[in-house]
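Visitor: This is the structure, below, for whatever I ask next.
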Amino acid sequence: MIVEGAFGAVHGRAERAGDVSSTPGGLLDVLGVAPVVLDADGRIVLWSPQAENLFGYTAEEALGRYAARLLLEEEHLEQVAELFDRVMVSGESWAGGFPIRCKDGHTRMVEFRNMRMEDGRGDFYALGTATDQATLREVERNLALSVRLIEQAPIGLAVLDTDLRFVTVNPALERINGVPAAGHLGRRPREVLPHLDIDVDSTTRQVLETGVPLLDRPVAGRTAADPDHEHAWSVSRYRLEDSGGRVLGVATSVVDVTKQRRAEIEAARARRRLTLIADASLRIGTTLDLEQTARELAEVCVPDLADVATVDVLDSVLQGHAAETHEGPALFRALAVVSVCPSEAARAADPPGELAVYDTDRLAAQCVNLRRPVRVPHVEGCDLPRIARCPRAVELLARAGLHSYLAVPLTARGEILGALGLKRTGNPEPFTHDDEVLAGELAARAALSIDNARWYRSQRHAALALQRHLLPQHPPHPVGLEVASRYQPAAAAVEVGGDWFDAIPLAGDKTALVVGDVMGSGINAAATMGQLRTATRAFADLGLAPAEVLQRLDHTATRLEETIITCAYAVYDPHRAQCRISLAGHLPPALVRPGRAPQLLDLPTGAPLGVGGIPFQTATFDLVPGDQLILYTDGLVETRDQPIDQRLNTLLGLLDAPGRPLEETCDRLLHALRHPDDHDDVALLIARARPTPDNQAPRP
């Protein structure tokens with residue numbers, strides 16, 4: 001029923017257009033209003049078809065009879081007569097309900113509206129309109145309920161006619177739009193709401209024409225109710241039709257979902273932060289390489305948190321000194337710069353590896369000196385000199401459109417290490433407090449890895465220095481031998497090992513050639529190597545056979561912390577052109593002779609030093625001028641992805657030119673067999689016999 005009332009304006013427009021017809025099913029049809037006319041005596045003179053439907057009597061049965069006696073019980077006759085006289089004498093209208101006796105004998109409550117009428121001769125008549133009281137009360141209840149539902153609904157409701165103009169709006173929609181009902185009526189939605197981000201009229205017209213409802217459509221924009229803030233609504237539209245299928249217009253419901261939308265956005269941001277932190281846990285600190293760790297931190301931040309990320313560390317920290325924070329310039333070394341794409345903002349950053357002095361007014365220096373984040377949500381022109389490293393960088397940042405900046409300190413174990421710098425150029429959102437917290441969390445996690453990497457670097461440099469100090473400092477020049485050697489540490493992300501080589505001059509122009517490998521890494525392995533090298537030299541001076549030297553070294557190794565050591569010990573006699581050799585769990589040396597294919601010596605392998613109680617054996621072979629003996633540790637040939645036999649064959653294949661200078665041979669072997677990420681160090685010693693006055697001539 002509310003639809004009929006709401007669309008009075010629609011019918012009015014139709015009538016003005018010349019369409020005065022109406023299809024059945026309207027309000028009067030629902031009520032079934034029955035008109036009846038009585039003369040001054042109360043006799044029925046006009047009887048309508050609606051009256052026949054309501055009371056059951058035909059016109060023939062009703063006309064000319066007293067209405068009261070036809071339709072009322074005896075007990076109501078006197079009361080009705082008094083009411084009839086009041087209407088006919090005074091002209092006063094009357095409305096009320098009476099129980100009516102229908103033709104079929106049952107009684108029904110009927111609602112009446114009675115009034116006096118006068119014809120041209122001055123005669124009076126009574127016009128009565130009647131309808132079933134139960135039907136009338138139901139319509140009244142439905143109408144009242146509909147009105148109350150619309151007026152008191154907490155969501156916005158509106159009805160638009162077929163011209164898409166407002167004909168009804170409820171108070172909730174008035175509050176949402178910030179426009180009173182009078183400002184809606186007769187106007188289209190786009191005229192009332194010009195700031196919405198969709199074509200309201202177009203989508204409403206589509207619903208009107210197709211009959212397909214549009215449900216829960218997200219709409220965002222600003223209204224007169226709150227012009228300074230954007231809101232979000234869920235809008236539904238559906239076509240209205242009467243009982244006969246005639247299109248009446250479009251109904252619209254509007255629910256303000258701004259709070260829910262903001263909660264969803266915040267939840268999405270929280271999930272993104274958690275994802276970013278989880279990603280950082282997996283991606284940062286995968287190695288102990290300082291530069292790689294810094295780059296991993298920067299890569300995690302781009303593009304989810306920033307368009308450009310930089311990592312700068314105090315140079316004093318890299319030198320192994322404790323950082324000093326003070327209100328003054330700071331000396332930084334750039335470690336990483338990562339950008340969403342090559343840009344002027346990235347070129348404005350300090351290039352990795354370069355030193356830069358940050359003055360006190362530089363925001364990065366303030367971040368480090370004060371040990372707290374520095375955030376500039378909206379960068380102005382006056383802020384650029386405090387962010388950029390030089391006037392040229394100021395120009396680059398300005399052209400790149402830098403609009404938001406954030407620097408957070410890198411702090412580990414209570415010590416300030418440097419700063420993480422974040423810039424936004426393409427991302428339109430400014431850095432928020434939540435971004436600052438997230439960046440601080442990422443920086444804290446990365447700072448521990450950076451601190452571990454820089455301490456590892458310091459210890460590794462110390463171990464390398466110790467190891468190089470323990471190795472021979474000058475190439476020896478033994479009688480009858482040409483010697484070349486190399487020591488190459490493992491990849492930068494792995495600690496140094498305990499590999500060593502030595503060429504020891506002995507009595508009678510003999511030379512002891514030694515290559516060994518202490519299992520383990522770090523300073524301890526280097527120190528153990530130093531002890532064994534010293535012990536080897538001492539035992540070599542005793543003139544012992546190679547097996548006896550290894551036996552004594554084995555006894556020494558059992559008392560050391562590092563218990564597994566491999567070693568190859570050989571003694572070359574230039575006057576006899578012979579070499580005696582013994583192995584302790586070591587890979588076989590290679591022998592290269594001119595005119596012959598390189599080969600691996602078939603020698604008893606022996607047990608590693610430190611096992612204890614297992615005898616060693618000495619083998620003797622000729623080593624005449626031109627012959628080469630190649631001693632090496634397993635780091636030269638062992639890999640994780642290739643069988644050792646294949647690698648040894650590759651080694652022999654690289655020894656195809658006996659006349660090549662030994663230094664070139666060393667470089668050739670290391671270049672071909674080693675990889676940048678090898679996780680083991682290597683010691684290499686190559687000796688080539690040279691002619692002496694009394695040794696054998698070279699083989700033909």
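The values are calculated or read from the model by the stated rules, or taken from the named source; none is laboratory data. Remember, predicted model here, so these are calculated numbers, not experimental data. Don't worry about glycine lacking a Cβ; one is built from the backbone with ideal geometry, like all the others, and counts go over all protein chains shown.
Visitor: Could you tell me how many of the residues in the range 650-660 are of a type outside the set (Ser, Thr, Tyr) and either without any contact (Cβ under 8 Å) to a residue 40 or more places away in the chain or in a helix (DSSP H, G or I) (or both)?
Guide: Number of matching residues: 6.
Visitor: Restricting to the range 400-434, name every residue that is out of contact with any Gly (no Cβ under 8 Å at 6 or more places or on another chain), crowded, with 23+ Cβ neighbours inside 10 Å and either basic (Lys, Arg) or under 14 Å from Ala349 (Cβ atoms) (or both).
Guide: Within the range 400-434, Leu402, Gly418, Ala419, Leu420, Gly421, Leu422, Lys423, Arg424 meet the criteria.
Visitor: Being assigned to a loop (DSSP other than H, G, I, E, B), within 17 Å of His106 (Cβ to Cβ) and of a type in the set (A, V, I, L, M, F, W, C) is the filter here, so list the residues in the range 31-83 that pass it.
Guide: Passing the criteria: only Leu72.
Visitor: Please go through the range 274-318 and pick out each residue that is polar (S, T, N, Q) and in contact with a Ser or Thr (Cβ under 6 Å, 6 or more places away or on another chain).
Guide: Thr293
Condition check ((1) aliphatic (A, V, I, L, M); (2) under 18 Å from Pro35 (Cα atoms); (3) exposed (fewer than 15 other Cβ atoms within 10 Å of the Cβ)) across all residues:
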site: Arg65; (1), (2), (3): no, yes, no
site: Leu70; (1), (2), (3): yes, yes, no
site: Glu73; (1), (2), (3): no, no, yes
site: His76; (1), (2), (3): no, no, no
site: Cys102; (1), (2), (3): no, yes, yes
site: Gly105; (1), (2), (3): no, no, yes
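Visitor: More than 55 Å from the chain's Cα centre (by Cα) and in a helix (DSSP H, G or I): is that true of Leu583 in this structure?
Guide: no
Visitor: Still on this structure, please answer the following. State whether the residues of the range 168-176 include one that is farther than 23 Å from Leu149 by Cβ, in the same structural domain as Pro227 (by TED's automatic domain parsing) and either touching a residue at least 40 places away in the same chain (Cβ under 8 Å) or not aliphatic (A, V, I, L, M) (or both).
Guide: no
Visitor: Out of everything in the range 607-649 that is of a type in the set (Val, Ile, Thr) and part of a strand (DSSP E or B), what residue ends up being surrounded by the fewest Cβ atoms within 10 Å (Cβ to Cβ)?
Guide: Step by step, filter the range 607-649, then rank; the result is Thr620.
This table checks each residue for (1) of a type in the set (A, V, I, L, M); (2) modelled with pLDDT of 85 or more.
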position	(1), (2)
Gly18	no, no
Thr23	no, no
Ser48	no, yes
Thr58	no, yes
Ala62	yes, yes
Leu70	yes, yes
Leu77	yes, yes
Val80	yes, yes
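Visitor: Does Leu157 qualify as being in a strand (DSSP E or B) and outside the structural domain of Pro49 (by TED's automatic domain parsing)?
Guide: In short, yes.
Visitor: Restricting to the range 516-537, and then to whatever is within 15 Å of Arg559 (Cβ to Cβ), at pLDDT 85 or above and surrounded by fewer than 21 Cβ atoms within 10 Å (Cβ to Cβ), can you tell me which residue is nearest to the chain's Cα centre (by Cα)?
Guide: Only one residue tops the list, namely Gln531.
Visitor: Right, something else. From the list Gly122, Gly97, pick out the single residue that is assigned by TED's automatic domain parsing to the domain that holds Leu77, over 12 Å from Leu54 (Cα atoms) and either assigned to a loop (DSSP other than H, G, I, E, B) or touching a residue at least 40 places away in the same chain (Cβ under 8 Å) (or both).
Guide: Answer to the check: Gly122.
Visitor: Within the range 663-676, restricting attention to residues that are buried (at least 16 other Cβ atoms within 10 Å of the Cβ) and in contact with a strand residue (DSSP E or B) (Cβ under 8 Å, 6 or more places away or on another chain), which residue is farthest from Leu631 (Cα to Cα)?
Guide: Here the residue is Arg674.
Visitor: With Asp573, Asp641 as the choices, which residue is within 19 Å of Glu482 (Cα to Cα), acidic (Asp, Glu) and out of contact with any Pro (no Cβ under 7 Å at 6 or more places or on another chain)?
Guide: That would be Asp573, the only listed residue that is within 19 Å of Glu482 (Cα to Cα), acidic (Asp, Glu) and out of contact with any Pro (no Cβ under 7 Å at 6 or more places or on another chain).
Visitor: Buried (at least 18 other Cβ atoms within 10 Å of the Cβ) and at pLDDT 90 or above: does that describe Ala512?
Guide: Yes.
Visitor: Looking only at the range 336-363, filter to residues that are in contact (Cβ under 8 Å) with a residue 60 or more places away in the chain and of a type in the set (A, V, I, L, M); which one of those is surrounded by the most Cβ atoms within 10 Å (Cβ to Cβ)?
Guide: Only one residue fits best here, namely Ala345.
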